[in-house]
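Here's the structure, in structure tokens; my notes come after.
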Amino acid sequence: MASRYILKYVQPKSIVPIRFGSTLSGFELQHKTPTIKKSMPIPKAQYGGRHTVTLLPGAGIGPELMGYVKEIFKYAGVPVDFEEIDIDPNSESSDDLEYAITSIRRNGVALKGNIETRSKEIGVMSRNVALRNHLDLYVNALHAVSYPAILSRQKHIDIVIIRQNTEGEYAMLEHESVSGVVESMKVITQSNSERVARYAFEYARRNNRKKITTIHKANIMKLSDGLFLETSRRVAKEYPDITLNDMIIDNTCMQLVANPHQFDIMLTTNLYGAIVSNVVCGLLGGAGLLAGKNYGDHYTVFEPATRNTGANIAGKNIANPIAMLNGAVDMLRHLGHKKHATIIQNAIMKTISDGIQTKDLGGTSTSREVIDNILRCIKAEMY
């Protein structure tokens, strides 16, 4: 099983402060100053200024979208090489997943599509969840920013959702106690709640954000959500320059639709983060726009923010490629390739502003037309 590859960490240490104005990339910061845990130095795949990145196309439209990413990277001369691994959703074996985990541990960074688990056998864990657990990717971060040229229900949104990524309802601990009665365990731990809360406050301080809202249901789940809420309040005392408030999840969804501008950073448990991420994507115009980042102390996996990537029909030339491309741009920034990230991001923005949009955004363009225009914009900027 993949668990046999898990690194053995030495004793936890306190958080390492990151100096403002640091010239280190996110990749370097992650491996030289991990937030909570400290491991022996791990050599990462980097040769002559090039990075090797694990590529997991996944199922559905994933291979199509990854093809566009590789095409754009090649055209723009991006110094990244891909180690591509296909994971068969129909396989009952975990060998391909183990190989993917080993590859990510070797490279430090991955770009992935949705990895399906089609087995209906009880006790078979989702491969997406398994990947997060084995790599200890305890934070999922989503930066939701409005696109002025896209027709959406709300304008000028700028929200960061920081979600606990490895426990809660996604612990997937269910059993049928007696016939017709199923019990599902929601797991909240103080250690993981503190890690994600501290990450949120450090993120706020690094990015000049001033308010964090903890999302919870502690009025009903007083022990589990209560622990998450109280842990965030305890950590907040170490950051007097940042305001902390809290909001119940059902009210949060209503407030997001009515007045999303009141939110700056949202700190959530696993399931609530999935819910509010989808609400925010809907407010911005659709699921085919935003990318998500999965962080651990040593590894990072980039992907579209939600599984509903606009048009989940493979091979039809109608899928929105923007979310996957934005994930690739985030990955380039993380690796320190800021020039290439900026060129590709500008090309994406100009394409959207020119009205070249797929059907899920209200446009009439095909996937290919979107990519071709992005390539033209890259050419105009680079050559």
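Read-outs: derived from the displayed coordinates by stated rules, not from any lab. A quick note: this is a predicted structure, and the numbers were derived from the prediction, not measured. Cβ placement follows ideal geometry from the backbone for every residue including glycine, while neighbour counts extend to all protein chains displayed.
Worth pointing out:
- Three-way shape call for region 223-306 based on the alpha-carbon gyration tensor, with the a/c threshold at 1.5: oblate
- In nm, spacing of pseudo-spin labels at Asp250 and Met221 (7 Å Cα→C-beta vector): 1.5
- Potential extension, Arg376-Ser353 segment - 0.36 nm per residue separation minus Cα distance: 6.9 nm
- Percent of Cα pairs exceeding the 16 Å cut-off, where the set is region 163-205: 51
- For the peptides 344-352, 328-336, the ranking by packing is 328-336, 344-352, with the highest mean count of neighbouring Cβ atoms within 10 Å listed first.
- Fully extending the segment from His156 to Leu24, taken as 0.36 nm per residue of separation minus the present Cα-Cα distance, adds 44.5 nm.
- Protection proxy ranking of 180-190, 144-154, 356-366, 292-302, by the mean of other Cβ atoms within 10 Å over each peptide's residues and highest first, is 292-302, 356-366, 144-154, 180-190.
- At R0 = 41 Å, FRET efficiency that the Cβ-Cβ distance of Asn90 and Val145 yields, to 0.05: 0.65
- Rounded to the nearest angstrom and listed largest first, the equivalent-ellipsoid semi-axes of region 252-368 from its Cα gyration tensor are 23, 20, 14.
- Prolate/oblate/rounded call for region 188-263, Cα gyration tensor, a/c under 1.5 rounded: oblate
- In sequence order, region 278-284 has phi-based couplings of 5, 4, 5, 4, x, 5, 7 Hz under the Karplus curve 6.51 cos²θ - 1.76 cosθ + 1.60, θ = phi - 60°, and Gly or Pro positions carry x.
- Among 243-254, 49-60, the peptide with the highest mean count of other Cβ atoms within 10 Å heads the list, and the full ranking is 49-60, 243-254.
- Residues within the reach of a label modelled at Asn259 (point 7 angstrom out along Cα to beta-carbon, backbone nitrogen below 11 Å), restricted to region 191-234: there are none.
- FRET E, pair Glu369, Asp81, Förster distance 25 Å, beta-carbon r, rounded to 0.05: 0.35
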